[in-house]
Amino acid sequence: ILLGLRYERTDVEYSGRIFDGESIAVTDNQKDDYNNLLPGLHLKYNFSNFTNVRLAWTNTIARPNYFDIVPYQEIELDDNRISVGNPSLQATESMNFDLLGEHYFKNLGIISGGVFYKDLSNVIATNTFNDFTYNGNVYDRFSQPINAGNATITGFEFGIQNRLDFLPGILSKLSFYGNYTYTKSELKNSTLEGRESETLPLVGTPKNLLNMSLAFDTKKLDVRVSFNMADGFIEEYNDSAFYDRWYDSVN
C-alpha cells in the first residue's frame with residue numbers, strides 16, 4: 001500500500017502582443033495563481049513472484065500551454081482570420097482509476113492488461129467560429145482556446161513483450177512486442193456555443209491504438225520491423241460539426 005499527497009502552487013505572470021498584420025502593441029502585465037492538492041493511493045497484490053495486480057486512484061492536473069493564456073491577438077489580413085489568447089483558462093483536473101494485471105515470463109518477457117477511467121474537469125480545447133464578429137470587425141475565422149467543459153475517458157489496454165526463444169534454431173533470436181489500447185471519451189457539460197446538447201469525443205483521443213514490433217537480435221546484428229496504427233480523432237471544435245477539424249487515421 002502506498003498513500004501520498006502532493007501539493008502544487010502555480011504563479012504565472014505574463015503579457016501579450018497584439019499584431020494586426022502591420023504593427024505590434026504590447027498588453028499590460030497580468031497575474032494568476034492557484035493551488036492544487038493531489039492525493040493518491042496505490043495498491044499492489046502479488047499472487048506469486050511472477051504475477052501481480054495493481055489498483056491506483058490518482059489526481060492530476062494539466063496546465064494550459066503558456067502561449068494559450070497570453071492575451072495576444074494575431075490577425076491575418078490576407079485571409080481575414082484572427083487568433084486570440086485566453087488569460088481566463090483554468091487548468092484541467094483529472095481523477096483517475098486504473099486496474100492493471102501483470103505476469104512476467106522467466107525469459108524476461110511480460111504480459112499485461114488493464115482497464116482505466118478518468119473524470120476530467122475544465123477540459124481545454126480550441127474553439128473556432130466562422131463569420132465571427134470580434135471588437136466590431138467580422139472575421140472569416142476566429143479561434144480561441146477555452147475551457148470546453150468536463151469529460152470522461154474509459155478504456156482498456158493489453159500488452160505483451162517476449163523473447164521467442166522456444167522456436168527452433170535461428171528463429172529463437174526473435175522477440176515480439178505489441179500493445180493495444182481502446183479508448184472511449186465523451187465531452188460533458190459542453191460550453192461550446194451552439195453545441196451544448198451534442199455528444200462529442202474529446203480532442204486528441206483516438207478510439208483504437210495498436211503498436212507491434214518484431215525484432216531479430218544477435219551479437220552482431222539487430223533488425224526490427226514495426227507497425228503502428230491509430231484511428232482518426234477530432235483536433236479542433238468549430239461552431240458546427242461540418243467544420244470540425246479531424247486528424248486522419250494513420251498506419
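The values are calculated or read from the model by the stated rules, or taken from the named source; none is laboratory data. None of the values given here were measured: they were computed from a predicted structure. Counting neighbours? That spans all protein chains shown, and the Cβs are built from the backbone with ideal geometry, glycine included. Surface areas here come from the heavy atoms of the whole protein model, side chains and all, with no ligands, DNA or RNA. Shrake-Rupley method; radii C 1.70, N 1.55, O 1.52, S 1.80 Å.
Inside the range 183-239, residues that are small (Gly, Ala, Ser), closer than 24 Å to residue 130 by Cβ, surrounded by 11 or more Cβ atoms within 10 Å (Cβ to Cβ) and out of contact with any Phe, Trp or Tyr (no Cβ under 8 Å at 6 or more places or on another chain) make up a count of 2. Counting the residues of the range 39-72 that are modelled with pLDDT of 95 or more, within 17 Å of residue 8 (Cβ to Cβ) and either surrounded by fewer than 13 Cβ atoms within 10 Å (Cβ to Cβ) or more than 19 Å from the chain's Cα centre (by Cα) (or both) gives 2. Would you confirm, using the coordinates I've provided, whether residue 28 is among the charged types (D, E, K, R), within 30 Å of residue 82 (Cβ to Cβ), open to solvent by 50 Å² or more (accessible area, probe 1.4 Å) and in contact with a helix residue (DSSP H, G or I) (Cβ under 8 Å, 6 or more places away or on another chain)? Considered against the rule, which asks whether it is among the charged types (D, E, K, R), within 30 Å of residue 82 (Cβ to Cβ), open to solvent by 50 Å² or more (accessible area, probe 1.4 Å) and in contact with a helix residue (DSSP H, G or I) (Cβ under 8 Å, 6 or more places away or on another chain), residue 28 comes out as no. Only a single criterion out of (1) surrounded by fewer than 17 Cβ atoms within 10 Å (Cβ to Cβ); (2) in a strand (DSSP E or B) is not satisfied by residue 107, namely (2). For the range 229-238, the count of residues that are of a type in the set (A, V, I, L, M, F, W, C), out of contact with any Cys (no Cβ under 8 Å at 6 or more places or on another chain) and under 19 Å from residue 198 (Cβ atoms) is nonzero.
Can you pull out the residues in the range 163-182 that are in contact with a helix residue (DSSP H, G or I) (Cβ under 9 Å, 6 or more places away or on another chain) and open to solvent by 70 Å² or more (accessible area, probe 1.4 Å)? Scanning the range 163-182 gives 163, 166. Report yes if some residue within the range 138-146 is within 30 Å of residue 74 (Cα to Cα), open to solvent by 40 Å² or more (accessible area, probe 1.4 Å) and among the charged types (D, E, K, R); otherwise report no. Scanning the range 138-146, I find at least one residue that is within 30 Å of residue 74 (Cα to Cα), open to solvent by 40 Å² or more (accessible area, probe 1.4 Å) and among the charged types (D, E, K, R), so the answer is yes.
Does residue 98 meet the test of being in a strand (DSSP E or B) and either touching a Leu at 6+ places or on another chain (Cβ under 9 Å) or at pLDDT 90 or above (or both)? Against the criterion (in a strand (DSSP E or B) and either touching a Leu at 6+ places or on another chain (Cβ under 9 Å) or at pLDDT 90 or above (or both)), residue 98 qualifies. In the set 126, 154, 133, which member is without any contact (Cβ under 8 Å) to a residue 12 or more places away in the chain, open to solvent by 30 Å² or more (accessible area, probe 1.4 Å), part of a strand (DSSP E or B) and of a type outside the set (D, E, K, R)? Exactly one residue qualifies, and that residue is 133. Scanning the range 73-95 for residues that are open to solvent by 30 Å² or more (accessible area, probe 1.4 Å) and part of a loop (DSSP other than H, G, I, E, B), we see that the one that is farthest from residue 6 (Cα to Cα) is 78.
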